[in-house]
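Would you mind keeping the following structure in view while I ask a few things?
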Amino acid sequence: MTRLDPVDEKKSPEFAAVLAELTQSRGKASNALRSMGHAPEGLRRLAAVGDYARYHSSLSARIREIVIVVTGRESSYAMGHHGPLAMQAGVTQDEVSALCQGTVPVSFQGVDAAVARYVLEFTSKNSVSDASFEALKALMTPREITDISITSAYYAAFAMIATAMGVPGDSEDYVKAELDWQRRKDQS
């Protein structure tokens, strides 16, 4: 159950403007994004980071979704969206399940394993070990490593906000539309 009353965009022109921007960049505004409507400018700025992470970073769809699943593994809201998106990007259900349990799937090798290990450590209280950082550095460019870190940080914040606000999951139709939207974005 949502902990704050939703903002009516008909009564808040500033929120309505941000929703229009979100619809243009993402197809629709999710329940989680709408839950941030009490701070329209904050939502705009946070969403800009998400837009970069999701649609403009140097990461492949598969790597992006591995990062997001590892980061959001304890958020049912995040997993309701990014479990299916990860599978659409080629991550198997068994691999998603392992990532959700906080482990690197045995089927992961090379970049996939290094990314999963890095993000598991990045999202822990102890941060990233030298060994994990060096393993990732041997396989990825500095920009890719930075994009992984930005993406994980954004989705950590997003999952914490959605959880704290008590945001209900989006409808199955919304998630299907999101899968289609993401597929088109990844192919362009």
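Read the figures in this text as sums done on the coordinates, not as results from a lab. Bear in mind that the values here come from a model prediction, so they are computed numbers and not experimental data. All Cβ positions, glycine included, derive from the backbone under ideal geometry; neighbour counts span all protein chains shown.
State, in angstrom, two size descriptors of region 131-188 derived from its alpha carbons: Rg to one decimal place and Dmax to the nearest whole number.
Reported Rg and Dmax, both Å: 15.9, 43.
What helices in the chain pass both tests, a Cα length along the helix axis of 27 Å or more and a mean Kyte hydropathy of 0.5 or higher, using whole DSSP H runs? Before the final figure, lay out the partial values.
Working: long enough: 142-165 (34 Å, 0.67).
Helices meeting the criterion: 142-165.
Using a 7 Å offset from the Cα along the Cα-to-Cβ direction at both Ala39 and Thr23, what is the distance between the two label points in nm, to one decimal?
Result: 2.5 nm between the two label points.
Still on this structure: 7 Å from Cα along Cα→Cβ at both Met87 and Asp5: what's the point-to-point distance in nm?
About 3.9 nm separates the two model spin labels.
Please rank Met165, Met36, fewest neighbouring Cβ atoms within 10 Å first, as an exposure proxy. All intermediate terms of the calculation are to be shown ahead of the outcome.
Values: Met165 18, Met36 23.
Listing Met165, Met36 from fewest to most nearby Cβ atoms yields Met165, Met36.
Same structure again: Could you tell me the convex hull volume per residue, in Å³, taken over the Cα atoms of the chain?
Working: hull volume 21.7 nm³, N = 188.
In the chain, the Cα convex hull volume per residue is 116 Å³.
Nothing charged except the Cβ atoms of Lys and Arg (+1) and of Asp and Glu (-1): what's the magnitude of the dipole of region 60-187 about its Cα centre? Round to the nearest 20 debye. Show your work: numbers first, answer last.
Values: 11 positive and 16 negative charges, 43 e Å.
Taking the Cα centre of region 60-187 as origin, the dipole is about 200 debye.
Moving on. Can you find, among Phe133, Ser25, Ser97, the residue farthest towards the positive end of the dipole of the chain? Put +1 on the C-beta of Lys and Arg, -1 on that of Asp and Glu.
Final value for the positive-end residue is Ser25.
Compute the longest continuous run of the chain that contains no exposed trypsin sites (Lys or Arg not before Pro); treat a site as exposed when its DSSP state is not H, G, I, E or B and it has at most 11 other Cβ atoms within 10 Å. Provide the component values of the computation, followed by the final result.
On the way: sites that count: Arg3, Lys10, Lys11, Lys125.
It runs 12-124.
How would you rank Glu41, Glu65, Glu121, going from fewest to most other Cβ atoms within 10 Å of each one's own Cβ? Mind showing how you got there, number by number?
On the way: Glu41 10, Glu65 27, Glu121 18.
So the ranking, lowest neighbour count to highest, is Glu41, Glu121, Glu65.
With the dipole of region 1-112 worked out from charges on the C-beta (+1 for Lys and Arg, -1 for Asp and Glu) around the Cα centre, which of His82, Ile66, Tyr52 lies farthest toward the positive end?
Going by the charge dipole, the pick is Tyr52.
Counting pairs on different chains as well as pairs 8 or more places apart, how many Lys pairs in the chain have Cα atoms under 19 Å apart? Spell out each step's value before the answer.
Values: Lys10/Lys28; Lys28/Lys176; Lys28/Lys185; Lys176/Lys185.
Going through the chain pair by pair, I get 4.
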